[in-house]
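The values are calculated or read from the model by the stated rules, or taken from the named source; none is laboratory data. These numbers come from a predicted model, not from an experiment. Here the Cβ positions follow ideal geometry from the backbone for every residue, glycine too, while neighbour counts run over all protein chains shown. For the accessible areas, the whole protein counts, side chains as well, though only heavy atoms, and no ligand, DNA or RNA atoms are used. Shrake-Rupley method; radii C 1.70, N 1.55, O 1.52, S 1.80 Å.
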Amino acid sequence: MSQGEFEGYGGRYVPEPLQDPLEQLANSYDEVSQTDEFQTEFRQLLEEYAGRPTPITHAKTLSERYGADIYLKREDLLHGGAHKINNVLGQGLLAKKAGRPRLIAETGAGQHGVATSMIGALLDLETEIYMGRKDVERQQMNVFRMRLLGATVNEVTRGGEGLADAVDAALEDFAQNVDHTHYLVGSVVGPDPFPRMVRDFQSVIGEEAREQFRARTGGLPDAAVACVGGGSNAIGLFHAFRDDDVALYGAEGGGKGADSSKHAAPLASGEDEVIHGMKTRVIDEDVEVHSVSAGLDYPGVGPEHAMFRAVGRCEYTGITDDEALAAFRELSEAEGIIPALESSHAVARAIQLAEEGEHETILVNLSGRGDKDMETAAEKFDLASQ
Ligand SMILES: *Cc1c(COP(=O)(O)O)cnc(C)c1O
């Protein structure tokens, strides 16, 4: 089995001009990332810049309410407000060490573009972000953040002027400029080596959580739960528990529920296909990708999750917008923690599991904080008139 193959998923399905750049990147990654020097610097940046380690918090009220001990891994407390910083730090450092002074990335809602721009500023790397014109219009604050951090935002006006077009533009740039440019992919998706590289950088989540859980309770959790967009925070949590007797649960964007033609759940209900350079699970063509949370709005998913699903290691479930919103509100009121809407899917799944009563201890990855989602929340809960 070649590297990057996850039981038939993964791989490097790209046109000829991209084969060589990806091979070069895979080689740099294999050479540089395992050195003590790289690991020491990476760990130091995670600590001093990103704010690691993040604690685990016992969700006391939820635990009493639903009859299982629920713990939260607090990635919401990181610099930038989400787990994305772990990955951009790793890849930014790799670019620097491999002699590539320029970063490019694509972004939809803007979160990954902002995270990449932060690291470009920190590591003094020239940074260009591709963003569809429609997203530039919708996500003005994130565009302002990126510019303030010194990045150039390239508005993409071809095709549907959305995320897919931004991906195409970034790939073209990468193929032409690989000798001095690193393409900073935002999740465990795309052609090899991205899925395994991003997984390695996010694995710190599970490594920390496993030790913290042990120190706190004397054992391991019965279950670990995370939301799945591309799948990076989930793989980051799951990886440390993959050989343990710990049940793994992924929560996907289940859309509007009753309307099953709109969701973002390629694992719970997709099919095998090649998309964005990898073989994985993909949502059927006639389904419109929809989730209330922008971070889960992706038609594919990381190939390692496709493998976990195929071999039965992890169970994936669609959580509807309404279920996620209810969990968003409940965690805020019960624990004083406003979660990201993406993370609220994981909280909703944990509540379901606690109610079902099969697991006594449940560890939930709280991938990010909800500040960015307040407009949605204000509208859904009519907060202006309460
Ligand atoms: C981007 C994002 C996600 C989705 O990305 P994954 O790669 O699936 O982790 C989930 N939660 C938050 C808070 C995010 O910002």
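Quick look at the numbers
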| quantity | calculated |
| --- | --- |
| Filtered residues of the range 6-26 (kept if without any contact (Cβ under 8 Å) to a residue 60 or more places away in the chain and either open to solvent by 70 Å² or more (accessible area, probe 1.4 Å) or charged (D, E, K, R) (or both)) | P15, E16, E23 |
| Condition check for H359: in a helix (DSSP H, G or I), under 23 Å from E208 (Cβ atoms) and either touching a Pro at 6+ places or on another chain (Cβ under 9 Å) or within 14 Å of the ligand (Cβ to nearest atom) (or both) | no |
| Residue match in the range 281-288 (condition: within 30 Å of R65 (Cα to Cα), in the same structural domain as R349 (by TED's automatic domain parsing) and buried (at least 16 other Cβ atoms within 10 Å of the Cβ)) | no |
| Contacts under 7 angstrom Cβ, first residue in the range 209-228 being assigned by TED's automatic domain parsing to the domain that holds A251, partner surrounded by fewer than 17 Cβ atoms within 10 Å (Cβ to Cβ) and part of a helix (DSSP H, G or I), 6 or more apart | L220/R214 |
| Output for the range 87-116, where each listed residue is near the ligand (Cβ under 10 Å from one of its atoms) and of a type in the set (K, R) | none |
| Test result for V347, within 13 Å of the ligand (Cβ to nearest atom), of a type in the set (V, I, T), in a helix (DSSP H, G or I) and under 21 Å from the mean Cα position of the chain (by Cα) | yes |
| Filter pass, A306 being in contact with a strand residue (DSSP E or B) (Cβ under 6 Å, 6 or more places away or on another chain), open to solvent by less than 10 Å² (accessible area, probe 1.4 Å) and within 15 Å of the ligand (Cβ to nearest atom) | yes |
| So A115, is it open to solvent by less than 20 Å² (accessible area, probe 1.4 Å) and either at pLDDT below 95 or not in a strand (DSSP E or B) (or both) | yes |
| In the range 286-323, the residues that are part of a helix (DSSP H, G or I), under 17 Å from the mean Cα position of the chain (by Cα) and at pLDDT 95 or above | P303, E304, H305, A306, F308 |
| Residue in the range 365-383 that is open to solvent by less than 30 Å² (accessible area, probe 1.4 Å), away from the ligand (no atom under 16 Å from the Cβ), assigned to a helix (DSSP H, G or I) and under 22 Å from S291 (Cα atoms) present | no |
| One residue from K84, K73 being within 13 Å of the ligand (Cβ to nearest atom) and farther than 28 Å from A26 by Cα | K73 |
